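K.L.:
Sharing a structure here in structure tokens format.
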Amino acid sequence: MFVLLVLSLPGQGYASSPEDSLSIYGVGVNGGAGVYLGNGLVLSVAHVVGGGIIDRPTITVAGQQRSATVVKESPFEQLDLAVLEFDESRLPISLRLRRITLCQGTPWPGEQVISLLGQTPVRSHILSPLALPPETRRFSTVIRDVATTGNSGSGVFDADRKCLLGVMSRKISQMRMRKDTGEKKMQDIAKYFVPAATIAAFMPARFGLMPESNPPSQFSGHQ
């Protein structure tokens, strides 16, 4: 398994369609990505924040560059999560009133998702762990469309419910051989995201996130 971090900067402006409404939650973190949770909080991953090395990360939200404080961080080798806090008083009131909700239930293969590439929503879907090399199946929440979807720290949302399914952590790659030439080449096959249940358990109690109000039934969508 190989891990590759590709940096991206969020775009500007707010979109008007229901799908594009998620773009407001995409923020920049140290040149990488994060998710605005509301209440001056940003969720990202530890290897974007700096693994504890950078004490005052820089975030870009609503076109503003701000200094943030690391509230809690888990090393890349463990959960690879980080929660940041900043002074939101100068943000537009429309953004300060936003609150993100966490998806309930377990992501299922084929589920349609939206990831944020900067502030651009991109569709993909959940991939079965059985499609991964056996040694990487501990990463059970993965999406396909590696090259066109959001980078480390980007939010992954349920395409229908618009709740937060997780945050992008790493690429999963596999050595493959071309049948015609015998040439071996490393190929990206999926992206792992830290799931909402793990995020909920990681968040400090005083910053608890709201669960979605109408979670799907146990069997909905699992056809």
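K.L.:
Can you give me the relative contact order of the stretch 20-96 as a percent, contacts being Cα pairs under 8 Å and 6 or more apart?
P.N.:
Details: 146 pairs, mean separation 22.2, N = 77.
29 percent.
K.L.:
Determine the sum of side-chain charges near K171: Lys and Arg each +1, Asp and Glu each -1, restricted to other residues whose C-beta is under 12 angstrom from that of K171.
P.N.:
Working: positive: R144, R170, K191; negative: D145, D188.
Surrounding charge for K171 is +1.
K.L.:
Points 7 angstrom from Cα along the Cβ direction at H125 and R138: gap in nanometres?
P.N.:
About 2.9 nm, to one decimal.
K.L.:
Here's a follow-up. Ranking R138, R66 by Cβ neighbours within 10 Å, fewest first, what do you get? Please report the intermediate quantities before stating the final value.
P.N.:
Details: R138 10, R66 19.
Lowest to highest Cβ neighbour count: R138, R66.
K.L.:
Tell me the net charge near K72. Cut-off is 13 Å between Cβ atoms, K72 excluded, with +1 for each Lys or Arg and -1 for each Asp or Glu. Could you put the intermediate results ahead of the total?
P.N.:
Details: positive: R206; negative: E73, D80, E85.
Summing Lys and Arg as +1 and Asp and Glu as -1 gives -2.
K.L.:
I would also like to ask the following. So, R0 is 45 Å and r is the distance between the beta-carbons of E183 and I93; what FRET efficiency does that work out to, to 0.05? Don't skip to the end; give the middle numbers.
P.N.:
Working: r = 56 Å, r/R0 = 1.25.
FRET efficiency, E183 to I93: 0.20.
None of the figures in this text is laboratory data; all of them are computed from the coordinates on show. Given the structure is predicted, the values throughout are model-derived calculations rather than measurements. For neighbour counting, all protein chains shown are included, and Cβ atoms are generated from backbone atoms with ideal geometry for every residue, glycine included.
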